[in-house]
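For reference, the structure is listed below as structure tokens.
The values are calculated or read from the model by the stated rules, or taken from the named source; none is laboratory data. Remember, it's a predicted structure, so these values are computed and weren't measured experimentally. Cβ: placed from backbone, ideal geometry, glycine included. Neighbour counts: every protein chain shown. Surface areas here come from the heavy atoms of the whole protein model, side chains and all, with no ligands, DNA or RNA. Shrake-Rupley method; radii C 1.70, N 1.55, O 1.52, S 1.80 Å.
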Amino acid sequence: METTLNPNASAAREQRTGRLRFLVPIAVLVALVVTFAWALNRDPNTIPSALIGQRVPQFALPAVQGRTLSLSSADLIGEVSLVNVFASWCVACREEHPVFMQIKAENLVPIHGLNYKDRPDDAARWLNTKGDPYTRTGSDLNGRVAIDWGVYGVPETFVITKDGHIAHKHIGAVTPKDLEETLLPLIRRLRQQ
């Protein structure tokens, strides 16, 4: 039995293939544009943390060079506090530093510093020069503790409850607006609990 090709079927198949070659790149381009538009409209400070509501990770770090009080998970129990992940090489940390100095001057809430992947001399010099807003500091030379906290980069600031749970995570530099509109109202609520 001899089969003959239908010229109309062959032409239709070529037409569909040609349309697919044209539509697939357009579909990929549209998907990329939608993804980029979504990413550009997201606030990078709202990256969720799986640790919200969880106990702070267990850790014990030596104090930053020249400081006497070290930092451990046990130190974060008993009062509402902030843990600020900072480094001397971090530009945004310099931006937020006056806010933390204000918090200390006004005795608003204890701030504990987690020094991230910093050279000991640089961290000490930075705090000696800029001022030290921290009640306690921990030197996380290899960044392992920061990883346990789910840190994406510096600076990041955590609000800690009296019983040692993470109530809030702020990514990026803390501004006066962040302090007044988000952090202080949360701290007041947590103190009343």
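Quickly run through the stretch 70-104 and pick out the residues that are open to solvent by 20 Å² or more (accessible area, probe 1.4 Å), within 20 Å of residue 124 (Cα to Cα) and small (Gly, Ala, Ser).
Across the stretch 70-104, the qualifying residues are 70, 72, 92.
Take residue 137 and tell me if it is open to solvent by less than 30 Å² (accessible area, probe 1.4 Å) and either under 22 Å from residue 74 (Cα atoms) or part of a helix (DSSP H, G or I) (or both).
Details: open to solvent by less than 30 Å² (accessible area, probe 1.4 Å): yes; either under 22 Å from residue 74 (Cα atoms) or part of a helix (DSSP H, G or I) (or both): yes.
Yes, satisfied.
Please verify whether residue 145 is of a type in the set (A, V, I, L, M) and open to solvent by 10 Å² or more (accessible area, probe 1.4 Å), treating the condition exactly as stated. Break it down into steps so the answer makes sense when it comes.
On the way: of a type in the set (A, V, I, L, M): yes; open to solvent by 10 Å² or more (accessible area, probe 1.4 Å): yes.
Yes; evaluated as a whole, the condition is true for this residue.
Looking at residue 114 and the list (1) outside any loop (DSSP other than H, G, I, E, B); (2) farther than 19 Å from residue 177 by Cα; (3) open to solvent by 50 Å² or more (accessible area, probe 1.4 Å); (4) not small (Gly, Ala, Ser), which single condition is not satisfied?
(3)
Being modelled with pLDDT of 95 or more and farther than 26 Å from residue 54 by Cβ narrows it down to one of 95, 79, so name that one. I'd like the intermediate steps shown before the answer.
Details: 79 fails: farther than 26 Å from residue 54 by Cβ.
So the residue among 95, 79 that is modelled with pLDDT of 95 or more and farther than 26 Å from residue 54 by Cβ is 95.
Give the stretch 157-177 a look and list any residue that's in contact (Cβ under 8 Å) with a residue 12 or more places away in the chain, charged (D, E, K, R) and more than 20 Å from residue 74 (Cβ to Cβ), or say none. Spell out the reasoning first.
Step one: filter the stretch 157-177 for residues in contact (Cβ under 8 Å) with a residue 12 or more places away in the chain, giving 157-176.
From what's left, charged (D, E, K, R): 162-163, 169.
Within the stretch 157-177, just 169 meets the criteria.
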